[in-house]
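Engineer: One structure is given below, represented as structure tokens, and several questions about it will come after.
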């Protein structure tokens, strides 16, 4: 409409962050603000299908918004601070943001190999454009990059694997507990295809490790 100034990326970033930090349902706020359509990387999620055997709930945007809402609910119930809530919701909202660039159709199935690693790269680029603090983006990108780590392990993970993941996340400014929230919300936001919480075996092994020294 004539006379209405388009928002800058920085203004979008401010409104985007408020939707993640402040009380309420993130998906509703993001849609009401028009932010999904204004952020191309997120708009692309609505055009990205998923294999119905794993994701009967719908496209990547439907799944991502649902997962983000679950992360916000978890944060609120746990009494998280706004900073803690923002990290959990951001990482969960963007956990599959690499799928539009990695989606492939193979033998009648839809795959997205490498989407976690690609998503972490996109998150860094997008966070910079929206002027999101680098420490927050760094922590979120580490969670995004590793949210599929449990898939490569059948059953109980080794102490070495858990320690390696725990240390990587800590170095990025986040934790195995935050990772578990992202994994749990990812799994729950699949409707009829929801699976048991894949983070549980990792947390069980982590509980047997010596406590981390204070930083």
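Engineer: Provide the three semi-axes, in whole Å and in decreasing order, of the ellipsoid equivalent to the stretch 1-88 as defined by the square roots of 5 times the Cα gyration tensor eigenvalues. Don't jump to the answer; show the numbers that get you there.
Structural biologist: Values: eigenvalues 106, 89, 16 Å².
The three semi-axes for the stretch 1-88 are 23, 21, 9 Å.
Engineer: Oh, and also: Calculate how steeply helix 115-129 sits against the longest principal axis of the alpha-carbon atoms of the chain, using the helix alpha-carbon long axis, and give the answer as 0 to 90 degrees to the nearest 10.
Structural biologist: Orientation of helix 115-129: about 50 degrees from the principal axis.
Engineer: Let me know the shape class of the stretch 174-215, please: from the alpha-carbon gyration tensor, a ≥ b ≥ c as square roots of the eigenvalues, rounded when a/c is under 1.5, otherwise prolate if a/b is greater than b/c, or oblate.
Structural biologist: Note, shape of the stretch 174-215 comes out oblate.
Engineer: If you build the Cα gyration tensor of the stretch 108-203 and take the root of 5 times each eigenvalue, what three semi-axes come out, in whole angstrom, biggest first?
Structural biologist: Equivalent ellipsoid of the stretch 108-203: 23, 18, 12 Å, largest first.
Engineer: Another question, then. Pairing the Cα long axis of helix 82-93 with the longest principal axis of the chain, what angle in degrees results, from 0 to 90 and rounded to the nearest 10?
Structural biologist: That works out to roughly 90 degrees.
Engineer: On to the next question. Return one number: the angle in degrees, 0 to 90 and rounded to the nearest 10, between the long axis of the Cα atoms of helix 60-77 and the longest principal axis of the Cα atoms of the chain.
Structural biologist: That works out to roughly 70 degrees.
Engineer: Would you work out the relative contact order for the stretch 1-113, in percent, from Cα pairs under 8 angstrom that are 6 or more residues apart?
Structural biologist: Over the stretch 1-113, the number comes to 25 percent.
Engineer: Per q in 0.13, 0.21, 0.23, 0.25 Å⁻¹, report the Debye log10 I(q)/I(0) for the stretch 101-149, using one uniform scatterer on each alpha carbon and no solvent.
Structural biologist: Those come out to -0.35, -0.70, -0.77, -0.85, one per q.
Engineer: Whole Å is fine, so just give me how far the alpha carbon centre of the stretch 162-213 lies from that of the stretch 64-131.
Structural biologist: 15 Å
Engineer: How many Å³ per residue does the convex hull of the Cα positions in the stretch 1-152 occupy?
Structural biologist: 120 Å³
Every number in this text was worked out from the coordinates using simple rules, so none of it is lab data. It should be emphasised that the depicted structure is a prediction, and the values quoted were computed from it without experimental measurement.
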